[in-house]
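See below for the structure under consideration.
The values are calculated or read from the model by the stated rules, or taken from the named source; none is laboratory data. Computed from a predicted structure; not experimentally measured. Methodologically, a virtual Cβ is constructed for each residue, glycine included, from the backbone with ideal geometry; neighbour enumeration extends over all protein chains shown.
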Amino acid sequence: MSLSDEQKQLKHKARQQKVKANVDEKIANAQEEKGLLLVITGNGKGKSTSGFGTVARAVGHDKKAAVAQFIKGTWANGERNLLEKLGVEFQVMATGFTWETQNKEADTVAAQLVWQECKRMLKDETIDVVLFDELTYMVSYGYIDLDEVVEALTNRPKMQSVIITGRGAHRTLIELADTVSEVKNVKHAFESGVKALKGVDW
């Protein structure tokens, strides 16, 4: 026997009421206020894009934000072009990809220069949101000491949020984080021979 439209509507309403009750309970239980540590890792495209989206959201709410970029930085960056005009500070390693420089000593020096600025940001109570784009690589390659990163993150201002992006995030950073997202690579145009597109890929 098939259900009448009225019965279907009643079943739907009952399900939605359960969903609402669960959501309301979670909202009621989420009372702690603090800055968040977000880690966006994985092999898929969109980690930096997600991080910059959060920075844009913060700026849209009149929050102060800052960005440090590792690995990339030798070509025009659409996000930087926009966000610097809105008062977002950028510190950029600007050496390009490590497989292009092939100079670990020079890359380490460049990474450390940016990391010193990162530590300054992590002590600045006026900065609400910080993005450390591709920081995971610097830790993996040993350019920046993991313990030093953990100490700086742990001692940052209580209401400051930090976003870390990059593949292969160290398990210590994952354990320390409040929110971790893993971006999975299902398909990428570049692997089919399609050039990176200005305004979409960079």
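With the requirement that a residue be part of a strand (DSSP E or B) and either modelled with pLDDT under 95 or loosely packed, with under 12 Cβ neighbours inside 10 Å (or both), what does region 158-202 give you?
Across region 158-202, the qualifying residue is only Thr179.
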Inset, instruction - Tally the residues that are in contact (Cβ under 8 Å) with a residue 60 or more places away in the chain and surrounded by 14 or more Cβ atoms within 10 Å (Cβ to Cβ), restricting the search to region 1-51. - result: 15
Inset, instruction - Just need a number here: residues in region 23-47 that are assigned to a loop (DSSP other than H, G, I, E, B) and of a type in the set (S, T, N, Q). - result: 2
Legend entry - Count of residues meeting criterion [over 20 Å from Leu173 (Cα atoms) and of a type in the set (Lys, Arg)] in region 27-44: 0
Inset, instruction - Would you point out the residue of region 128-152, among those that are under 16 Å from the mean Cα position of the chain (by Cα) and in a loop (DSSP other than H, G, I, E, B), that is surrounded by the most Cβ atoms within 10 Å (Cβ to Cβ)? - result: Glu134
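Conditions (1) touching a Cys at 6+ places or on another chain (Cβ under 9 Å); (2) in contact (Cβ under 8 Å) with a residue 60 or more places away in the chain; (3) closer than 22 Å to Phe52 by Cβ; (4) among the acidic types (Asp, Glu), marked per residue:
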| residue | (1), (2), (3), (4) |
| --- | --- |
| Glu134 | no, yes, yes, yes |
| Tyr141 | no, no, no, no |
| Thr172 | no, no, no, no |
| Ala177 | no, yes, yes, no |
| Ser192 | no, no, no, no |
Inset, instruction - Among the residues of region 116-127, write down those that are out of contact with any strand residue (DSSP E or B) (no Cβ under 8 Å at 6 or more places or on another chain) and assigned to a helix (DSSP H, G or I). - result: Gln116, Lys119, Arg120
